Each structure stands twice: as C-alpha cells, then as structure tokens.
Amino acid sequence: MSNVRRAVPRLLRLLAGWAALGLCLTAPAFYLVRAVLPDPSINVRWSSEVDGPRRAELEARFGLANGTPLEPPTWSYRLENTNRSNVSALVTHPDVADTHKINRNTFEVEGAASTWDILPTALALGFGLSAGVWLGILGRRTVAGHVGRTRHALRSAIEWLKLHATIERPAPSPVESVARWETVVGLALGLLFLRPLLIYGPFDVEESGLGFFSSQVFYRNLFAGHWPPFWLNNLGFGTPMPIGQRFDFHPAFAVGSLLSLRVAVSAVWVAHVIVMTVYFRRLAAALGIGPLVRTGLTACYLFSAPSLNYFHASDWLSVAIGWSFYPVVAYYLHRTVLEDGGPRTGIATVRLAFLGAFWVLNSHVGYVATLAVILGLYALLIARLRARVYGCLLAAVGLCAMASAERLYFLASEARFFAASLGHNTQPGYTLFEHAWAAAVPFTELSDTGRQPFIGVVVGLAAVASVFRRSSAPGLHPVGLAFLAAATCTLLPLDLIAPLQLFSAVWFFRDPMVFFGLLAAGVALQRGIDARHTRWPLIAVALIAAQLVQQGAALRPSFEVLANQVGPLHFYRYQQAPVRLAALLSDRARTYGPRLYTSEAVRQRLRGRMADLGIHSITDLVLFGLNPINGWFKNVSTDRIHPSWQYMHGMIYGQRDVIANQPLLNVLGINLVLATPGDGPFPPGLVITDRQPTRTATDRGPDQHEVVLLGNPQAWPRAVLLPEGAGRMRLPLRLGCGHDRALCRDFTSLAQQRLPDPVRLDEEDGLYTARFPPSGGARLLFISAMYRPEWQAASALGPLPIEPAADAFLGVIIPAGIEEAEIRFSPRPRVILEWVSYGTMLALLAVLCVSTRRGRRRALTQ
C-alpha cells in the first residue's frame, strides 16, 4: 500500500511534466504547421471610388498581399488574415463591390485552414515530441542508476532546477531619492521628445473628431454649471454621448479647456511625459536598478516604438495616456503588493483603486486591457500565496470597477445594437519571423507605421538573462517572467483572441513586452555592475549606447513620416470662432437652418484637409451651432440610419442617393447640402447659394478643389404632426441605393401625410418640449431624431407611448386633447451608474487627501 501511495504522486508528476512540456512544444509546432500551409487567394472587385492610395490602405488593413490586377477594377490577392471578423469586415466594407472565393454567409475562405483545423495537428506534434523527450529522460535515468558519475550529474541538475524553479520576490525597498541631475536629464529628454508635437500639433483627426470633441462638450457643460448630457441633439440625427474616448475629469485637460483646445492637449502631453519618466525611474529604483542604468533605460523607454507610435505616428491621446500612465499604476501596484501587512495597507488599496480608475476612464479600454493582463500576472508572481495581498488586490479591482462602471456599462450595452455579423477588426499579432526581422535592424528595414515588434537585441538578451540567477541567488525574476509572458502573447493566433472581444489588437502585447523588457534588462545590467568588476559600468554604458543606436535605426522610418505630416491641423488655430468656410456655413444656417448633409467627397476632405478653411473635423461644426448629419460615431450604433461598416463603429457616409432624394431631404429637415460639382446634377428643390474654392496648403495629390453649398427652403422643421398610423408605413427602397436603412428609403408617401397643425419645439440636449394645438383625435408627433429605447415621453395626463417612425426616427403618440409633450432621453442604468462612478472617484480622492494630510501632520509632530 505504501508503494502505491509513493507511486501515485510520482505518476502524477510524470504526467504533469509531460503535459507541461507538450503545451510548451505545441506553440512552435502550431506556427510550423501554419507556415507550411499556403495562404488562400481571393479576388476583390473594388468600387469605382477607390483610387490607388485608398486601395493600398485597404490592402494593408485587411491583410491583402501580392496584389495582381485582373479585369479592372478586380484584383487577385493572397489573404494573410483569414480570421472570420477580418473576412466579414472585408466583405461588408462599402469600398468592396464584390468578392470571389469567400462564402458570404459563413465568411469562410475557400482553402483556408482555421486555427481549430491546425490545433489538433499541433497538439499531436507537441505532445508526441514531449512523450519522446520524457521517454528519453526515463531511459537515461535507468542507465544512470548504474553509473555513479551520471547519478551525480543528474542530482546536480535536479538541485539546480529546484533552486531556479522558485520565483524571486523582490524585497520591499524604500523609495530611492532621485538625484537632481536625473530629474533634469529626464525633463530635457521629455521636452526633446515632445518638441514636434508642441510646435506643430497632431495630424490624426480620428481622435480629435471623436475624443477631443466629446471632451469639449463634456467640459463646456460642466463649466457652465450643467451636468454633461447623455445625448447630443446636433450631431447626426442625435447621438448618445460620448463618441470615442472622453477624458473624464482629467485635470490637465479640464484646466486647459478653460483656455483653448491647444492648451488642453499640450498640457496633457507635457504632464504625461513628466509622469512617465519620473515613475519609470522610481519603479526601476524599487527594483534595485542604479542611476546610471535607469537613466539610459529611461531614454530607451521615452523613445521606444510604443512611445513614438502613440505620441507621434498616430497621436491618439487616449492610447498615449494609457501607455504613459502605465509606470504609475505598475509602481504603486509593486509597492502595494510588497508592503502588505503594514499599517497603511488600506490607504494603499484606495490609492491603487483611484489610479486604476483614472487610468481606465481616460484611456482606450481595448488597449488598457492588454497592459492590465500582463500587469496582473506580474502582481501574482510577486504576491505569492498570501490572503491579505489577494484581498487588497481584489478590493482595489472592485473599487476601480465601481468607478469605471458607467463607462464599461455604456460600451457593453451599446454593443448589442451592432449586428453580430460585423467584423470586429481585432488586429493580429506577430510571427516569430517578424520578431527576428525586427531584431536584425539595421540589416533589415522596418515599416513606418510604428507597429513593429522592436525591442532591441541588447534589451531582449538582457531581459532573458534576467530570468535566470546565479546558483548563490536562487529564483526566477518576476520582471523577466512578465516580459516573457508578454512576448509569448504577441504570438497568440487571432482566432483565439478575437472571440474574447476584450483586446483591440494582439500586437498591443508588444507594449508590456517593451516595458517589462526594459526593466528586466536593467535588472540584468545592474547585476553585472554589482558584481564589483571594474569594467562593468563601462560595459553597461556601451550596451545601452548600442541599444539606442539600433533603436534609432529601427525607428528612423517613423521619424521620416512625422517630418512629412506635421501641421495639417494647424493645432486648432481657428477653433475658437468660425472663419472662412465655417463662417460661410454658419451664416447660411441663419437663413436656411442648421442641419447639414455633405457628399462623401466632402466628408473625406473634412478629415483634416480643410483645416486652412477653418474646419479640422466635421464635428467642429457642432461647436459653431450647426447640425452635421455625417460623421463617425465610434462606440455608438447608427444602424437605423445607415449600416455600420464595422463592429462598434457607427458611420453615416455621404451618399449621392441622399442628395438626389428630395422628399428625404424635406422630411428629415436637411437645410444645407455641401457637395462637389461632380456630385451633381442636384434636384431642382435645392438652391445653389455659394461656390467656394477649397485648394489648401495641406492638399496632396489631385482632387476637386471646389465645393458647392446648396440650401433647401422646403425642409421640414425638426418636429411635425402626422396621422396616428403614418409612422408605421413601410417606405419603399430606392433602387441601387446600396443598403436598406432609412437613408435609402423613398419618403414620398410619408411627405404627403403631414398635417397643417404647427408645432413649436424647444430643445436642449436630450430634451424636447413640443407645443401644438389640441385635436379631437390621436396624432403622431414626428421628430427627426434617431429613435432609441431610452426615450420617454410624458404629458400633463401621464406617460405617452413612443414608437420608431419610419423604422428609425422618434415618434410620439399624442392622444386627443393633449397640447404639450415632453420627450426626454433617460438611460436610467447609466444615470445610476454615473452617480456610482463619480461618487466612488470623489470618495477615493477624499480618502487619499485626508490620509495624506494626516501623514504630513504626523511627520511634523515626530
């Protein structure tokens, strides 16, 4: 019986070792099998509006390689990304007229092998190799039982494994004071890094037209004494807010907004570059890295591929905040875990929760998720099995979730309004070849997108070396393990990540790989210096210099792109008041009305290419009192009006069919149309008011350099009365319009239903108050605002029923005798969760302020 008891654990250990090694070998086997299989080929017929640069952009987005022109405009491609979400996004994209060799029902590619097709073969290879290795080990042990020297060698190897199989827990260290010269060097590097941005400003208009705009609406209402609205009347046909990423209570952005948008954005850049350099050095000091090494690594971190990508190549402020605030969260997480059991554990938990909530609320959630996963793994590696630490971390996560509840609920609830068949556009990770290619710089050339998996040969090798310790210093270093985990995650197949709907891109794991790789490399270099060899400081300086030289060579293409793209937005020079074309639109709006529709050619130009004319993004027109219909409604569904082109990306394009549809223009109250001469002929009901040249200093390449502004004197007011059943009429589709939503419907029959009773409509964001003459029968109050289930209507006699009119717009049933109705956008769960979110943030901030003040008093009394 005792033999059985001893044999069972041995057998379990044997099986566990075989399974662990098998899983480790499955990953290279998977990539080996996938590399052997050829990528499938497909044919794509592009729409007539797609030119060469636009086609190249779409080819890069969807992974279309080796393009061969067939019969124009059809091209043959090798499809490198056969993920279902990517294929569905390709098939449903408005610039794709047709495809061949793709099943449009299942979004499967002929001849493509999915992850689940390859996985069984990879598992069989991995576990087969593992079985061979373990059988070899067992056979070797049998032979070694008869050979003394082999037995001694095996015992030594086992002891070495036991010594190194444990994870080192860094000792708690006090905050090391940073020398003045370090601070000066860090600030100088930060200002050098920011110099182009502070002079020229950003050039990417996606964030400025979405996140910046939402933040301006938020703070303008807040500073005017109004709670920021959940609904904005004058964008599209009304939209929930925010669109994109809003910077909730970011102190730098809030204070800067009192002056101008330029000051707000510049203040965030400066503040976060200071924060990222200071706390990266503090975390490096907490890990025992000395001033010499951490100063060099700070330069590597500040000018790393992620920093250049998010600050310069794409200048997405929400992602830049997520990346630059990462050292702060990591530093205080490190301190919280290592200083458990102390008298200030509760305060550490509150501080960690507040910083985490600030990080989530002001950053791109799909990007923060990748950073948080690796950071959580690092916390578990250094926490070990102590209930107090886990309780502290769980409490911090819970408080952070409460403070972020409204934002997370909004994203999750809005997702259900998007069609499940839409592509999620989760971007893939890297291959081992791409990592090797990036490591071979300058003998290889990297792209200029800033998305390359570059970390550097010196940092990469030093980070791997940090995992293993000398025999006199046992333990695997957790920073090195976090680096290896992040590097492994960059290799994960897209088919396994995309269904999680949590990460925006697999390649985002590159960023924690770079972050923890730099720290791990610092640990390894500092060990060499601490070994008391006289040449090690000089060697460390030489290695860091070599890293910076290779890093400069790797990122040179991105710097060249930056030099060619600076300044098209003129750093929001004209956003304080309407000038030029914006002033013309504002003036014509006083005559015809504020609701504006643009053709697709104009909408594309209103993405930074009309900055010289006073319009940086189409959403700027909202701030000038207009109501632009077209736009990019990120995280908000506009599917009742116009189909979304991608999951969580609502969009209203400019359509020729809308401009030609005079009944639609009238019923939906479109007062102005901005188009190019090529968008004509225009219906006779539109009046040409102005022709404006639009050639600007930022134009590149041939384009139409004139726009035509047309007024629509027949446009209906925002609210009218119709017969009670008119809203349920099924409107026919216009032939060849391209989709089946409201903007492709023929509104002629609905236009004939209008009643003569006038409607006086008073409106605020999210609130309409309608007054009209009473009637002896029921009527429909038609408001050309987008229908949502959160709308509620009431009168003096009680609630009123609401229904979608024409399947897309706001319809309120008005019973007999009613002469006034109030229609309010009331998302009750969001209202409650917003009180919870901001109440939690304010409570956490109050606790931190009180504890800090008491700590200072206590220090003075002592």
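The values are calculated or read from the model by the stated rules, or taken from the named source; none is laboratory data. What you are looking at is a predicted structure, and each value in this text was computed from that prediction instead of being measured. Neighbour counts are summed over all protein chains in view; Cβ atoms, including those assigned to glycine, are modelled from backbone coordinates with ideal geometry. What goes into the accessible areas is simple: the full protein's heavy atoms, side chains included, and nothing from ligands, DNA or RNA. Shrake-Rupley method; radii C 1.70, N 1.55, O 1.52, S 1.80 Å.
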Approximate spin-label separation R535-E108, in nm, with each point projected 7 Å along Cα-to-Cβ: 6.2 nm
Modelled FRET efficiency - R0 22 Å, A420 with R61, Cβ distances, 0.05 increments: 0.55
Tensor-based shape of the stretch 275-370 (alpha-carbon gyration tensor, a/c under 1.5 rounded, otherwise prolate or oblate): oblate
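The stretch 748-849: D in µm²/s via Stokes-Einstein (Kirkwood Rh, Cα pairs, 20 °C, 1.002 mPa s)?
Roughly 137 µm²/s, to the nearest whole number.
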Net charge, S504 excluded, C-beta distance under 15 Å - Lys, Arg +1, Asp, Glu -1: +1
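Provide the net charge surrounding R760, with neighbours chosen by a C-beta distance below 14 Å and charges set as Lys +1, Arg +1, Asp -1, Glu -1.
-4
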Spin-label model distance (nm) - L394 vs R45, 7 Å beyond Cα toward Cβ: 5.9 nm
Evaluated at q = 0.28 Å⁻¹: base-10 log I(q)/I(0), Debye formula over Cα of the stretch 361-418: -1.18
Solvent-accessible area of V205 with every protein chain in place, 1.4 Å probe, in Å² to the nearest 10: 10 Å²
Y331 - accessible surface, heavy atoms, 1.4 Å probe, Å² rounded to 10: 0 Å²
Three-way shape call for the stretch 611-669 based on the alpha-carbon gyration tensor, with the a/c threshold at 1.5: oblate
Computed magnitude of the charge dipole of the stretch 697-822 (debye, nearest 20; Cβ of K, R +1, Cβ of D, E -1): 460 debye
Point-to-point label distance, T444-L502, nm (Cα→Cβ direction, 7 Å offset): 3.0 nm
